[in-house]
Structures are given as structure tokens and as C-alpha cells.
1. On the given criteria, is PRO432 farther than 23 Å from GLY490 by Cβ and either part of a loop (DSSP other than H, G, I, E, B) or over 22 Å from the mean Cα position of the chain (by Cα) (or both)?
2. If the requirement is being out of contact with any strand residue (DSSP E or B) (no Cβ under 6 Å at 6 or more places or on another chain), open to solvent by less than 50 Å² (accessible area, probe 1.4 Å), part of a loop (DSSP other than H, G, I, E, B) and at negative phi, which of these qualifies: PRO76, PRO59?
3. With the requirement that a residue be without any contact (Cβ under 8 Å) to a residue 60 or more places away in the chain and surrounded by 15 or more Cβ atoms within 10 Å (Cβ to Cβ), what does region 173-187 give you?
4. Identify, from the list LEU159, LEU154, the residue that is aliphatic (A, V, I, L, M), closer than 30 Å to ASP204 by Cβ, open to solvent by 70 Å² or more (accessible area, probe 1.4 Å) and part of a strand (DSSP E or B).
5. Suppose we filter region 406-439 for residues that are of a type in the set (Asp, Glu) and surrounded by fewer than 17 Cβ atoms within 10 Å (Cβ to Cβ); how many remain?
6. Just one of the numbered conditions (1) under 30 Å from ASN261 (Cα atoms); (2) not in a strand (DSSP E or B) is not true of GLN123; which one?
7. Would you list the strands (runs of 3 or more DSSP E) that sit entirely within region 273-386 and hold 1 or more residues that are acidic (Asp, Glu) and over 30 Å from LEU401 (Cβ atoms)?
Amino acid sequence: MRRGVDGQDQYGNSAGAGRFLFAPSSSITISVNLYGTIANARVNDSPFALPGAFSGSQPFPRAVAGVSFQPDFNNPDEGRRNRLLVGSVKLTHQINERLSYSLAYQRVSSQRRNYNGSRIDPQFAAFYPFGDFEFINVNKGTTDTIDARLNAQLARSNLATFGFEYERESFFQQSIPSFSAFNNTTDRQRTFAIFGQDQISLFDDRLQLSFGVRGQFFRIRAADRPGVLSGVNAEKSITGDGSVAYFIRSTNTKLRAHVGNGFRAVSLFERFGAGLFPGLGLQRFGDPTLRAEQSISVDGGVDQRFASDRALIGVTYFYTHQPRVIDFQSFFVVDPLGLGRFSGYENRPGGFSRGVESFVETTPWRGTELRASYTYTNSDRLVPFVGLQPQYVIPSNVFGLTLNQRYRSFAFNFDLNYTGSHLAPVFENDFPFRTAELTFDGYTKADLFGSYERRVSEGATMLLFVGADNLFNQRYYENGFLAPGIVGRGGVKFRF
């Protein structure tokens, strides 16, 4: 993949990682983790909807390249450079048999630079009647996280966990050219969270109960909330969760159920993000007052072991309702924030997802593991003034098959996955900037890898690996972007 999917998109990625573990005593451990990566890639222009996507009477026409949508296409001087640095340190102390605690700090620093020049691939000159738009866009972000946890064994069968988390985020945006005073901005958010969980085992561990609660509180500077929004604070999120499992030893059967509500915190980009539009410059589409996404879920299932524990079958039914989500509105008649945005993020009612997950696992003979799974999902989103519509990029049918085989120092892995047809939005790149909801065909993807492991010294082990993704070279699209064909990978790893 050194030259990308279409052979014209150079790509390079250099990464390094390290881990240090120190035990000053038998009850105290200190660990340090470091990770860094630098990547540079040429990128294509995004796919867009063609007039054929809007000419028929079908509500969700089939996605046909060159008819209903134009796939992503080559741009000779558009690219992206990324840098990511992650460092963390953690202290764990086992005070006694019943009490332990941990303190952790992590810092994530990222920098992304998107750029585009004036060059045009002659094959696609018709898509640029007025030439290409030159720009440089820089985003820098940092996240500092402090986490403190206390584990208390209240009884032989009762483990309680209490914790506190503090997170500080910052987000810098720069655009050249900007055509606007809204540029070179740095926005910040602080998050405080307290949480607790109680895990209880009864009846000789046959009955297992778990209860959890979390409260998350957001703080944003008034200076980062423009205009009349300076007096509006971000609202908190409170969640609760409970689960129960019962094991019937006489039949090797486990019954389980879960209910809870969850949330997804608002990202800084959703609160303060901006985009560069030809002729308009840098335009704000973030909403500092967004509330976290909210979900309520219920699931229950059964796991059954048989054949002397060499086989396991599981079935789960799930139901999820999202009372509130964060969505991007492509056009505002009137900006609900009163800031003059013509598009942007907003809260709106979500939808529903329900379905069945099933799997079977078996070890038919020594060194062999086989797993097959199937998931059926019926997922809908709530569209204003229309009602429930199929959710984007969630196929109704997904099937997976995994085979792992080990023989002495050799190991083999084969994955076969089928993803059913699904709906995805593709945007029009010209007036009136409509959104085409296209049905993309399903596809089957196979991956095959093998490895050989050998001890080269008393403290070092060498691992050789080779394999291929998309073994059958299937051609398929992800939201209009052409996915890679067959990709070979190989290398060597050393463990010390």
C-alpha cells in the first residue's frame, strides 16, 4: 500500500512504542508506556453524488459508480500529515488482601495538517470548472487525563470499585487562507467524573450481579462560547448500569441479562469545529452548548456448553433506544444558535436498534479453534418531518468465520467476513448540495496470516509473520471510497 489504493497516493507511517515496568516492592508496581507515530499521505478528493442518484423514484437507489455517485478520485497535490504522541504512567498498590488503589496519568498530543495545491489530474478536469482551491488547515489537540481508583473487597464475594477522573482538552485551529476573523482559535474543555461499581457473587459463584453508576460534568470557558452563548453552560451526564448472570452447572448453561443507559461525550470538534469552504473561507459549524448523546439499552441471552466443554453456543437479543444524538445538519434555514451558521452540529432525537447476535465456538481437535458468528440488526433513525428511516452504514446481516490453527511453532489464522448491503449518505458537491441516500452492495472479505515463532536466546523470542488482507481481491466501497484490494503484509517481531 506504499502508493495507495489507486497507485497514485504515496503513504508512509513510522511508529515506535516502549514499556517500562518497575516493582519497588512486592505490592507496588509502576508502569510507563510511550507510543508515537508520524504519518504522511496523499489523499483523494471525496466522492460525490451524481444526477443519476436523484432521477429515479426509488427512495434508496443502488450505489453504482459513475451512475449514482462518483467514487473518490485522484488529486495530485492534496495530502495530510499526522503526528501522535501518547505517554502514560500508572502506580498500582495492593495495600492488603482486601484493599488496593491505582493512580494514572496520560497525555495525548496530536497534530494534523491538511493541504491542497492548484494541480489537477487531467482525467478529472471536468470536476474543476473554476480550478482547484488551495489551502492549508492545521489542527492541534492535547488531552491530559488523571484517573484514581480504589478497589475494596467488602466480602469474599463482593468487590466494590470507586473512582475519580479529570480530563483537560484543548483544540487549536488554523486555516490559510481564512477570509474571516474566525481563525487561529484555541478552545478548551474540562471534564470531571466520579464513578462506582459493585460486583457481587452468590450461591457459590453461580449468581453474579453487577451495578454501576457514573456522573460526568463538563466545564467550558465563557470566552469559548461566542455571543449570547457565553452564559450557557454544558450540561452533565448521569448513567447507571446493571447486569445479572446465573450459571446452571448441571447443564453447563449460563443465563444473562443487562440494562443500562449510556452516553457519548461531545468532542471538542463538535463543540468548536470549523470547515474551509471555497469562496467562503473558514466557517464555524460547532455548537458549544451540545449535550452528550444518550442511549438506553436492554439485552439478554444464553450461553450453552456441551461436548465436554469443547463447544459453546451463544444467543443474545438486544434493544437500544437513543433519545438524543449529535448530528450534522447540512443546511440551516435559520441557525438555532443565532450565530449565522449555514450548517453545523446539533442535538436531535435519535432512533432505535434491535436484533439478535449468535455464535458458536469449538475446538474439534488439539491446536484448532473455530468460531462462527451471525448478527441480524434492524436499526432506524428518526428524521424530522419524515419519521423512522433506515440507519446509515449498519447492515442488516453480518456473518463471520474464524479458524485458528497452531502446530508446534507455526500458527495460522483465517478470517472470512460477510457484510450485507447497507445505506450510506453521499453528498452533492454543487448547488443545491443535496444528500443522496444510496444502497451499497454487500461484500465478502477474507484474510489469511501465518507466523513462525522461535526462541533465539534465553530472554528473546523472534516471530516471523506473513499474510494478506482481502485475499480474494474483492472490489467494494465504503461510503463511496474505494476500499483496498488484496494487500500483503509481512515482517519480524522480537520479544524480550
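1. On the way: farther than 23 Å from GLY490 by Cβ: yes; either part of a loop (DSSP other than H, G, I, E, B) or over 22 Å from the mean Cα position of the chain (by Cα) (or both): yes.
So PRO432 passes the test.
2. Numbers: PRO59 fails: open to solvent by less than 50 Å² (accessible area, probe 1.4 Å).
Going through PRO76, PRO59 in turn, just one is out of contact with any strand residue (DSSP E or B) (no Cβ under 6 Å at 6 or more places or on another chain), open to solvent by less than 50 Å² (accessible area, probe 1.4 Å), part of a loop (DSSP other than H, G, I, E, B) and at negative phi: PRO76.
3. The answer is GLN174, and nothing else.
4. Details: LEU159 fails: open to solvent by 70 Å² or more (accessible area, probe 1.4 Å).
The match here is LEU154.
5. Going residue by residue through region 406-439, those that are of a type in the set (Asp, Glu) are 415, 428, 430, 437.
Right, trim to surrounded by fewer than 17 Cβ atoms within 10 Å (Cβ to Cβ) and you get 430.
Summing the residues that are of a type in the set (Asp, Glu) and surrounded by fewer than 17 Cβ atoms within 10 Å (Cβ to Cβ) in region 406-439 gives 1.
6. Failing condition for GLN123: (1).
7. Here the list reads 293-306, 311-329, 344-348.
Quick grid of which residues meet (1) surrounded by 13 or more Cβ atoms within 10 Å (Cβ to Cβ); (2) modelled with pLDDT under 95; (3) of a type in the set (A, V, I, L, M); (4) outside any strand (DSSP E or B):
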site	(1), (2), (3), (4)
PHE192	yes, no, no, no
ASP198	yes, no, no, no
ILE238	no, yes, yes, no
PHE263	yes, yes, no, no
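The values are calculated or read from the model by the stated rules, or taken from the named source; none is laboratory data. Bear in mind that the values here come from a model prediction, so they are computed numbers and not experimental data. All Cβ positions, glycine included, derive from the backbone under ideal geometry; neighbour counts span all protein chains shown. Each accessible area value is taken on the protein alone, full model and side chains, heavy atoms only, with ligands, DNA and RNA left out. Shrake-Rupley method; radii C 1.70, N 1.55, O 1.52, S 1.80 Å.
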